[in-house]
Amino acid sequence: MRIPIYQVDAFTDSLFGGNPAAVCPLQAWLSDATMQAIAAENNLSETAFFVPEGGDYALRWFTPTVEVDLCGHATLATGRVVMSFIEPQRQSVSFRTLKAGTLTVSRRGDRLVMDFPARPAVPEKVPPAGLIEALGGAPREVLRARDHLVVYGAPAEVAALTPDFAALAKVDCWAAIVTAPGDDGVDFVSRFFAPAQGVPEDPVTGSSHTTLTPYWAKRLGKTELEARQLSRRGGALHCTLNGERVSIAGRAVLYLEGQISV
């Protein structure tokens with residue numbers, strides 16, 4: 001069996017930046033084991049698989065080791081593939097997902113805009129044992145949604161973190177988002193670590209901004225926010241809080257188009 005594959009750099013306007021995602025269009029679902037094996041072989045933070053459903057599509061995402069309930073950059077990449085190669089006449093596309101409901105990706109100028117559910121975090125009085133030690137630094141507060149949100153005082157503190165990934169993988173924490181106020185026109189910065197899910201550091205993480213956006217919107221008193229993820233590859237996101245939804249906008253660049261044999 002031959003399956004189309006695209007690799008797209010998401011949340012960037014130039015190759016070799018942002019977060020690379022693999023996207024595999026399917027006519028029908030493969031077995032979970034086969035999709036997981038393809039994601040492991042791709043060895044990217046996520047591989048997206050989608051199938052036609054009604055007038056739109058159903059969508060699933062896999063890291064090299066697990067299926068995940070929500071992934072932003074691979075959704076942006078899938079929207080780019082659909083609206084550039086599968087149905088180039090479309091201006092928006094909706095994806096039914098197993099746990100995150102229906103997600104929409106729309107064109108807006110040279111950006112793609114995703115509509116996601118917000119995941120606000122609540123303060124956590126006692127962080128999980130070992131979390132702060134594994135991350136390093138001296139955070140100001142810790143909150144929790146699906147992921148732990150660990151807040152530092154300045155961008156330099158976030159950039160300087162060198163987590164102990166082996167120790168972090170043992171903490172009772174699905175993933176850790178670290179964040180701080182931004183500067184130079186950026187409202188906030190972040191990084192994302194999920195070693196227990198097979199992703200030590202994700203280059204740019206759309207899903208984390210469903211938690212970051214409500215936090216910084218409340219703290220800064222504004223609903224439109226410019227964000228920067230401070231990974232080695234780096235990425236830029238424009239985020240808007242719309243009540244219980246979050247719009248996350250960014251650019252996406254095609255790197256690879258081909259076929260895989262299964």
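The values are calculated or read from the model by the stated rules, or taken from the named source; none is laboratory data. Please read all numbers here as calculations on a predicted model, not as lab measurements. All Cβ positions, glycine included, derive from the backbone under ideal geometry; neighbour counts span all protein chains shown.
Go through (1) surrounded by fewer than 21 Cβ atoms within 10 Å (Cβ to Cβ); (2) under 20 Å from Ser247 (Cα atoms) and name the single condition Thr65 misses.
All conditions pass for Thr65, except number (2).
Quickly run through segment 100-139 and pick out the residues that are within 20 Å of the chain's Cα centre (by Cα) and in a loop (DSSP other than H, G, I, E, B).
Ala100, Gly101, Asp110, Ala118, Arg119, Pro120, Ala121
Of the conditions (1) modelled with pLDDT of 95 or more; (2) of a type in the set (D, E, K, R); (3) surrounded by fewer than 18 Cβ atoms within 10 Å (Cβ to Cβ), Lys99 fails just one. Which one is it?
Every condition holds for Lys99 apart from (1).
Residue under question is Leu225, and the condition is that it be within 25 Å of Gly109 (Cβ to Cβ), in contact with a Pro (Cβ under 9 Å, 6 or more places away or on another chain) and without any contact (Cβ under 8 Å) to a residue 60 or more places away in the chain; does it hold?
Against the criterion (within 25 Å of Gly109 (Cβ to Cβ), in contact with a Pro (Cβ under 9 Å, 6 or more places away or on another chain) and without any contact (Cβ under 8 Å) to a residue 60 or more places away in the chain), Leu225 does not qualify.
Here are the criteria: (1) assigned to a loop (DSSP other than H, G, I, E, B); (2) assigned by TED's automatic domain parsing to the domain that holds Arg80. Tell me which single one Val253 does not satisfy.
All conditions pass for Val253, except number (1).
Return yes or no: is Leu131 assigned by TED's automatic domain parsing to the domain that holds Glu224, closer than 23 Å to Ala194 by Cα and out of contact with any Lys or Arg (no Cβ under 8 Å at 6 or more places or on another chain)?
Yes: the conditions hold for Leu131.
Would you check if Thr162 is of a type outside the set (A, V, I, L, M), over 16 Å from Gly72 (Cα atoms) and either in contact with a Ser or Thr (Cβ under 6 Å, 6 or more places away or on another chain) or outside the structural domain of Ala236 (by TED's automatic domain parsing) (or both)?
no
Could you grab me the full set of residues in segment 112-148 that are farther than 19 Å from Gly243 by Cα, touching a residue at least 24 places away in the same chain (Cβ under 8 Å), surrounded by 18 or more Cβ atoms within 10 Å (Cβ to Cβ) and touching a strand residue (DSSP E or B) at 6+ places or on another chain (Cβ under 7 Å)?
Leu112, Leu131, Leu135, Pro139, Leu143, Asp147, His148
For segment 157-166, check the following and say yes or no: at least one residue is buried (at least 23 other Cβ atoms within 10 Å of the Cβ) and under 17 Å from the mean Cα position of the chain (by Cα).
no
Under 6 Å by Cβ, and 6 or more places apart or on different chains, what pairs join a residue from segment 40-56 that is in the same structural domain as Gln27 (by TED's automatic domain parsing) and within 17 Å of Val82 (Cα to Cα) with one that is assigned to a strand (DSSP E or B) and of a type in the set (Ser, Thr, Tyr)?
Filtered contacts from segment 40-56: Phe50/Tyr57; Asp56/Ser94.
Considering every residue within segment 26-33, establish whether at least one is buried (at least 21 other Cβ atoms within 10 Å of the Cβ) and under 25 Å from Phe192 (Cβ atoms).
Checking segment 26-33: not a single residue is buried (at least 21 other Cβ atoms within 10 Å of the Cβ) and under 25 Å from Phe192 (Cβ atoms).
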